[in-house]
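The structure appears below as structure tokens.
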Ligand SMILES: [Ca+2]
Ligand SMILES: [Ca+2]
């Protein structure tokens, strides 16, 4: 019996050590490709993997979306699309979940095709083994924002403006 207790102690001490090496990973983000304009709603499908023995509660996890013209996230051409999207459900220990989150194309969007990146945001006390895998982007530049879509918003009543331009 004493032997059993020692084994239990050793096992839980080991488990505590593993738990301190928490790691959440964004495995992928997918959005339907197509043309979007300012104010349009886009639905992102995000796969999240929790590599630790502790669940990550929905309150502790939120997401931020960025647009990037090149495949690199974190350099100068990126701009924020939308932030503060709280997770809809907890990510259980050692599990993978797929979640859908909607965001809206912001008024300061620029025309062109962009990659959509997602950042997982966790509390500052979430001690992670690897923070580099908290970001992920779409495989290709799937979000296409045509110039005319932006003109509709910028000029307001875009059809009238276009008609006047045609008459000149
Ligand atoms: Ca991570
Ligand atoms: Ca970029």
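Protection proxy ranking of 69-75, 29-35, by the mean of other Cβ atoms within 10 Å over each peptide's residues and highest first, is 29-35, 69-75. Over the C-alpha trace of the range 82-121, radius of gyration and Dmax come out as 13.5, 41 angstrom.
Say R0 is 45 Å: what FRET efficiency, to the nearest 0.05, do residue 21 and residue 110 get from their beta-carbon distance? The partial results should precede the final answer.
Details: r = 40 Å, r/R0 = 0.89.
Efficiency computed from Cβ-Cβ geometry: 0.65.
Taking every Cα-Cα distance in the range 19-71 and sorting them into 10 Å bins starting at zero, the pair-distance distribution P(r) comes out as 16, 44, 26, 12, 2 percent.
Ranked by the mean number of other Cβ atoms within 10 Å of their residues, highest first, the peptides 121-128, 60-67 come out as 60-67, 121-128.
What translational diffusion coefficient, to the nearest whole µm²/s, does the range 23-167 have by Stokes-Einstein, given a Kirkwood radius computed over alpha-carbon pairs, a temperature of 25 °C and 0.890 mPa s viscosity?
Numbers: Rh = 16.4 Å.
Translational D for this selection: 150 µm²/s.
Label-to-label distance, residue 144 versus residue 35, with points set 7 angstrom from Cα along the beta-carbon direction: 0.8 nm.
Bear in mind that the values in this text are calculations on the coordinates, not laboratory data. Keep in mind that this is a model prediction, so the values were computed, not measured. Cβ: placed from backbone, ideal geometry, glycine included. Neighbour counts: every protein chain shown.
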